[in-house]
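The structure appears right after this line, and notes come after that.
The values are calculated or read from the model by the stated rules, or taken from the named source; none is laboratory data. Source: prediction; values computed, not measured. Don't worry about glycine lacking a Cβ; one is built from the backbone with ideal geometry, like all the others, and counts go over all protein chains shown. When the accessible area is computed, the model is the full protein with side chains, heavy atoms only, and any ligands, DNA or RNA have been set aside. Shrake-Rupley method; radii C 1.70, N 1.55, O 1.52, S 1.80 Å.
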Amino acid sequence: MSEAFDCAKCSESLYGRKYIQTDDGPYCVPCYDNTFANTCAECQQLIGHDSRELFYEDRHFHEGCFRCCRCQRSLADEPFTCQDNELLCNDCYCSAFSSQCSACGETVMPGSRKLEYGGQTWHEHCFLCSGCEQPLGSRSFVPDKGAHYCVPCYENKFAPRCARCSKTLTQGGVTYRDQPWHRECLVCTGCQTPLAGQQFTSREDDPYCVTCFGELFAPKCSSCKRPITGLGGGKYVSFEDRHWHHSCFSCARCSTSLVGQGFVPDGDQVLCQGCSQAGP
C-alpha cells in the first residue's frame, strides 16, 4: 500500500498534480499562494508563485503593476522616484517637481549640481558672469538689474574710477572737485605729501599742501617775509603792491598795530600817525 502524499494545507492528494515543496511539507499551488504569496500594493491581488515579483521598501508589486502613477510606464527596468508614496518615472518627476534652468530652459535633473538665487534656478554650468561669461560657481558675485557679475567684472563696469590713476575704487577713497580719488592718489603736486584728511588748496585744479602753496604762489608778508596764504581764517592787509599778516601790520617805530587805524607810508615802512608827525 503506497504512502499518502497530500497537501500540507488542504490535505488533498497531490498525485498527478503540481505542487511546491517547503520545509513544512508539500503544498498544492492554490494553498501555497494563499499561504505564502504577498499582496500586490497596486492591484491588491496575490502575487502568485509563477509571477515576477518586485519589491520596494515595504511594498510588493506584480511586474506589470510596478509602473509610473502618471504615465503608466513600467518601472521594472527604469530609474524612478517615490514622491508622497507615489512612484514616478524620472520624466514625470522632473516635469512635476523639478525646476527649469533660468538660462537654458532645460529641466534641472534631480541630483544634478545647481544654483539657486532670488527664486530662480540654474544648472551650475549655466550660471555665468554677464561680463566675462565664465561660470560663477561658488565665487562671489554682484546682481544688477537681472544680470550677475563676478566681482572683477562688476568693478570694471560700474565701480567709480580714480581721477588720477583711472583705476577702480573698491573701498574707501575721497572726493576732490566732485571726483573720486584713491586716498593714496590725492597728494600735493609739489612735495607729494598725502592730502587726505589734511587742509590743502589748489591752483589750476592741482592740489597743494599749505606749505607748498605758500612757498610757490602766496604773496610774502612785507614784514616777516613769510607767505600769506589766507587759509585757516588768517587775515591780511594789502596796500598798493605790499601785503602784511594782521599780526605783522604795525608801526615800524612804536610797534602799535595799525589794523583798522590810519597809517602813513614811509618808504618801505609804515608808521602810525603819531610817529609820522613826530618826524625822523
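Taken as a whole, the structure leaves Ala147 outside the set of residues that are of a type outside the set (Asp, Glu), under 30 Å from Asp266 (Cβ atoms) and open to solvent by less than 30 Å² (accessible area, probe 1.4 Å). Looking across the range 110-123, the residues that are over 15 Å from the mean Cα position of the chain (by Cα) and surrounded by 15 or more Cβ atoms within 10 Å (Cβ to Cβ) come down to Lys114, Thr121, Trp122, His123.
Out of curiosity, is Tyr208 within 29 Å of His246 (Cα to Cα) and at pLDDT 85 or above? So Tyr208 fits the description; yes.
Figure legend. Inter-residue proximity from the range 40-57: first residues among the small types (Gly, Ala, Ser), second residues part of a loop (DSSP other than H, G, I, E, B), beta-carbon distance below 7 Å, spacing 6+ or different chains. Indicated pairs: Gly48/Ala37. For the range 158-175, how many residues are part of a loop (DSSP other than H, G, I, E, B) and surrounded by 14 or more Cβ atoms within 10 Å (Cβ to Cβ)? Within the range 158-175, residues that are part of a loop (DSSP other than H, G, I, E, B) and surrounded by 14 or more Cβ atoms within 10 Å (Cβ to Cβ) number 7. Only one of the numbered conditions (1) more than 30 Å from Cys153 (Cβ to Cβ); (2) part of a strand (DSSP E or B) is violated by Leu115, and that is (1). Would you check if Cys126 is more than 24 Å from the chain's Cα centre (by Cα) and open to solvent by less than 40 Å² (accessible area, probe 1.4 Å)? No. Please go through the range 191-207 and pick out each residue that is among the hydroxyl-bearing types (Ser, Thr, Tyr) and under 37 Å from the mean Cα position of the chain (by Cα). Listed by number, the list holds a single entry, Thr193.
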